[in-house]
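As structure tokens, the structure follows; a few thoughts come after it.
The values are calculated or read from the model by the stated rules, or taken from the named source; none is laboratory data. Keep in mind it's a predicted model, so treat the numbers as computed, not measured. No Cβ is skipped: glycine too gets one built from the backbone with ideal geometry, and neighbour counts run over all protein chains shown. Note: accessible area is taken over every heavy atom of the protein model, side chains too, but ligands, DNA and RNA are not part of it. Shrake-Rupley method; radii C 1.70, N 1.55, O 1.52, S 1.80 Å.
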Amino acid sequence: MSGFVSDFAPRVKAVLGPTNTGKTHLAMERMLAHSSGIIGFPLRLLARENYDRMVARKGIRHVALITGEEKIVPPEARWFACTVEAMPLDRQAEFVAVDEIQLCADADRGHVFTERLLHARGLVETMFLGAETIRPLLQRLVPQATVETRPRLSQLAYAGHAKLSKLPPRSAVVAFSAGEVYAIAELIRRRRGGCAVVMGRLSPRTRNAQVALYQDKEVDFLVATDAIGMGLNMDVDHVAFAGLGKFDGHRPRRLTAAEVAQIAGRAGRGMRDGTFGTTADCRPLTDDLVHAVENHSFEALSHLCWRNEDLDFSHVDALLASLSQPPPAPGLVRGNDASDLETLAALAREPEIRELARGRSRVRLLWEACQVPDFRKLADETHTRLCARIFGHLAREGRLPTDWLAGQIASLARSEGDIDTLMQRLSGVRVWSYIAARADWVRDAPHWQARAREVEDLLSDALHERLTSRFVDRRAAHLMRRLDAGDGEELLSAVTRRGEVVVEGHPVGHIGGFSFIPDPLAEGEEKKLVLRAARRALREEMPRRVGLLEAASDEAFAWDADQRVSWEGVAVARVRRGTTALRPMVEALDSEFLDGAQRERVRLRLQRFIDDTIARDLAPLFAAVERAQGDAALRGALHRLTETLGLVPGATEASIPAELRARFKPLGVRAGRFALFLPALLKPRAAAMRARLWALQHDRPLPTLPPPGLVSLVPPPDWPAGFAEAIGWIEAGPVLLRLDVAERVAAELGWAARGGPVALPAGLASRFSAKPEWLPVILRRIGVRVLPAAGLAADQYGPPAPAMILPARRKRPVATPEVAPRRSGPFAALAALRR
């Protein structure tokens, strides 16, 4: 900042001390007391936060915001909130301040802070805010500065190590990589209801939305990177370190004691004391480190980073040489090469760039293009090529092509993707926001600034939504807060008409039958609280549900293959073997919410459902039994049928007198060749019920039933012995035949062959749905023998004689009658057969 000639020297003051000393507040008050002022912050987030405070005090017309990506400069602006790099050094102001001045020692950005320390001055007052560690070097380099040390307003104490699940509410967990942040946030969501997430890569809009979750107490935990150490003020009571090492962009290293204190100092703001400690896999802090942090005693900085700012733009090589000049004074050292210098060195090796960069104005333009921030950090040549293209357009055309600028910003205007994808797009749009803010580079800069801000807001809102949906469970957070407060017994709970259990306005589970099914996401202490609160509501709900079950129609119940009875889709009882096959017993499932009398009411209603279902599905059997009550001869046979579920294998027509068979017929009972049965009970619905009752009676799982319409099948492997015969299938060689089909075909063939052998009917294999080669074996099983077709003699003509059938009960085969040869006609074989 240019000097100012006056009768008095401008006042330079350094206000030093640990965190929570009110340094930033003091500087803001001093600046707003002057007629103009500029204050530089280390982070865009801080600049934006304090800009909003300044606007609230002085009005939006008089306050400006200047960062790399944002430039809001009203014509009447008098007070400026900036990032340190973006401080307008060509503007005179009564007051100038730089926050976190100890960052002069930072190897990457320190040269910018050092430049401000040495040269940025207000017309009336200059103030540097920072840690006590910079005092010796500051007094040596700026001897005219007065130093004020401010004590911390509250105490900071070490609390030791704690598990993540045991951290106190209003805690911030600090990790040092995105992967660690995500893993810890996921764990806190499962155990404690969720957390807000703050990382340096977040936009101010996303960061503010996440902080609002925490500040508004929608969540009680914050997971952050070390970005929270730079003056972000939140109501944090405890800071827990998940690690003590970080990758600083060049190498992994451990945190210094001062860095630990800077982060730990976020706990206990204002007059409220705070604590710090470790968590997760981080080991407890050493005694020396704890003592240093609690007493704010750290080694003084030994050097500050410096880079020459008096640059030579006469030639590219001269510019590089001026940037590489050694420090001019003790205590100043060169830091790491910044990305702008690395980009310049790379482009300086390209002949085309060197050719374009002729003359002071072109070399200055090249340097400005190289200073486009590398927010994306892609570790390849992408950023270098971008700077080269910007310089090429500006050198040749004077402005950046509007179509190119529009296309680059539009390519980032997509809100789909995961958290990392959205943060990468945000990094990209920050680059274009910086470019759009250069009115000397782009046409209609305000329009493109607004367009870039619109895309950033789109991505910021999408990122906030992704972070919240992934890491925040508002219901669990609310319940856990009530639990931590110790008033779980006072939680309000109710049951909706749909059976949803609501505690404190949050759904926590639902009623299934007469059991409470908690939300599967509820774990640990939250689950205990949910169950405790839900029980009170369910004690009042369950008697009502018992009444609903008693009044429900049979259509509301289902009897499943596992022999359980369901109501509203949930099992409420099991069916067990009863005293008879047609009278199984119902047993209500256990429920902590039902007493003995209520369980019996449930059992009686479901027993009636089971009895009615059996009576409906086996109605022909019950009707036959009722009609046979007055006939002693029929009662015995019907009693056997009820014991065997409507089918008595082996009770054939040969063993039952014809007179009794005739009396069976009106009852729907048939004495066939293979069994005494009711044909109506072989239909699918009745057959399924008989199979279910057979499985109950024999204490077996219900076997798989064949699809309706099958007349034969290969024996299923899960069918136990006796099951096929009991439900109406007979063994016929390689297949099982349905009983009624076997009876019908056997009767037809027996009648056809009653007078002797007859030709085998065509299509018989298809009637059985069996392979033709199986037919002889199947027919023999149902009492029919097949005689193979006899071939013609050498002196015979005509078609061969067909296969013949005859009843299998004949003792010996009947020979085919000999036919005298006839040579006079082609149908000799048929004529002989007719004779």
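With each label modelled as a point 7 angstrom along the Cα→C-beta vector, the residue 494-residue 364 pair spans 7.2 nm. Spacing of the modelled spin labels on residue 92 and residue 413, each 7 Å from Cα toward Cβ, amounts to 4.4 nm. For the range 691-741, the spherically averaged projection of the C-alpha convex hull amounts to 3.4 nm². Given in Å, the Rg to one decimal and the Dmax to the nearest whole number for the Cα atoms of the range 240-289 are 12.1, 38. Annotation: Cα Rg of the range 159-252 relative to the compact-globule expectation 2.2 N^0.38 Å equals 1.02. Beta bridges per DSSP, both residues in the chain: antiparallel share near 45 percent.
So if I take the centroid of the Cα atoms in the range 598-655 and the same for the range 332-359, what is the distance between those two points in Å? Measuring centre to centre over Cα atoms gives 99 Å.
Once fully extended, how much extra length lies between residue 570 and residue 271, figured as 0.36 nm per residue of separation less the alpha-carbon to alpha-carbon distance? Show your work: numbers first, answer last.
On the way: separation 299, 0.36 × 299 = 107.64 nm, distance 5.66 nm.
Answer, rounded to one decimal: 102.0 nm.
Which residues does the label zone of residue 61 cover in the range 94-112, counting backbone N under 12 Å from a point 7 Å along Cα→Cβ? Hits in the range 94-112 for residue 61 at 12 Å: none.
Let me check I've understood the local charge: for residue 246, count other residues with C-beta under 12 angstrom from its C-beta, Lys and Arg +1, Asp and Glu -1. What total comes out?
Values: positive: 251, 253, 254; negative: 180, 226, 248, 259.
Once all neighbours under 12 Å are counted, the net charge is -1.
From a point 7 Å beyond the Cα of residue 683 in the direction of its Cβ, which residues of the range 622-643 have a backbone N at a distance under 17 Å? Within reach of a label on residue 683: 622-625.
Report in % the part of the accessible area of the chain that belongs to carbon and sulfur, leaving out ligands and nucleic acids; probe 1.4 Å.
Numbers: 20760 of 39090 Å².
Carbon plus sulfur share of accessible area: 53 percent.
What number results when the radius of gyration of the range 575-682, computed over Cα atoms, is divided by 2.2 N^0.38 Å? Kindly include the intermediate steps, with their values, before the conclusion.
Details: Rg = 18.0 Å, N = 108, 2.2 N^0.38 = 13.0 Å.
Compactness ratio reported: 1.38.
Given the Cα-Cα distance of residue 378 and residue 314 and 0.36 nm per residue of separation, how much length would full extension add, in nm? Before the final figure, lay out the partial values.
Working: separation 64, 0.36 × 64 = 23.04 nm, distance 3.18 nm.
The residue 378-residue 314 span can extend by a further 19.9 nm.
Kirkwood hydrodynamic radius of the range 711-763, from the reciprocal of the average inverse Cα-Cα distance over all distinct pairs: 12.6 Å. Put simply, when 108-115, 673-680, 175-182, 378-385 are sorted by average Cβ atoms within 10 angstrom per residue, most first, you get 108-115, 673-680, 175-182, 378-385. For a paramagnetic label modelled on residue 52 (point 7 Å from Cα along Cα→Cβ), amide N atoms under 18 Å away belong, within the range 449-475, to 453-454, 456-465, 468.
For the range 56-177, the equivalent ellipsoid derived from the Cα gyration tensor has semi-axes of 32, 22, 15 Å, listed largest first.
Computed over the Cα atoms of the range 93-241, the ratio of the radius of gyration to the Kirkwood radius (Rg/Rh) comes to 1.06. In order along the range 82-88, the Karplus-derived 3J(HN,Hα) couplings, from 6.51 cos²θ - 1.76 cosθ + 1.60 at θ = phi - 60°, round to 9, 7, 4, 5, 9, 4, x Hz, and Gly and Pro are given as x. Separation of the range 404-476 and the range 134-197, taken as the distance between their Cα centroids, equals 28 angstrom.
If we sort 122-128, 550-556 on the protection proxy, mean other Cβ atoms within 10 Å, highest first, what's the order? Working shown, then result.
Values: 122-128: 23.0, 550-556: 11.0.
Descending packing order for the listed peptides: 122-128, 550-556.
What net charge do the residues around residue 447 carry, taking every other residue with its C-beta under 12 Å from that of residue 447, with Lys and Arg at +1 and Asp and Glu at -1? Let's see the in-between values first.
On the way: positive: 443, 451, 453; negative: 444, 454.
For residues surrounding residue 447, the net value is +1.
Approximating the spin labels as points 7 Å out from Cα along Cα→Cβ, the residue 396-to-residue 548 distance works out to 7.5 nm.
Using only alpha carbons, the range 160-212 has a radius of gyration to Kirkwood radius ratio (Rg to Rh) of 0.97.
Let me know the Kirkwood hydrodynamic radius for the chain, please, with Cα pairs as the basis and the value in Å to one decimal. Provide the component values of the computation, followed by the final result.
On the way: mean 1/r = 0.0279 Å⁻¹.
About 35.9 Å, per the Kirkwood formula over Cα pairs.
Rounded to the nearest 0.05, the FRET efficiency derived from the C-beta distance between residue 561 and residue 622 at R0 = 25 Å is 0.60. Between residue 302 and residue 215, residue separation times 0.36 nm minus the direct Cα-Cα distance comes to 27.5 nm. Both numbers refer to the Cα atoms of the range 654-725; Rg and Dmax are 14.5, 41 Å. For the range 709-774, applying the loop criterion from DSSP together with a ceiling of 16 other beta carbons within 10 Å to the trypsin sites (Lys or Arg not before Pro) yields 754.
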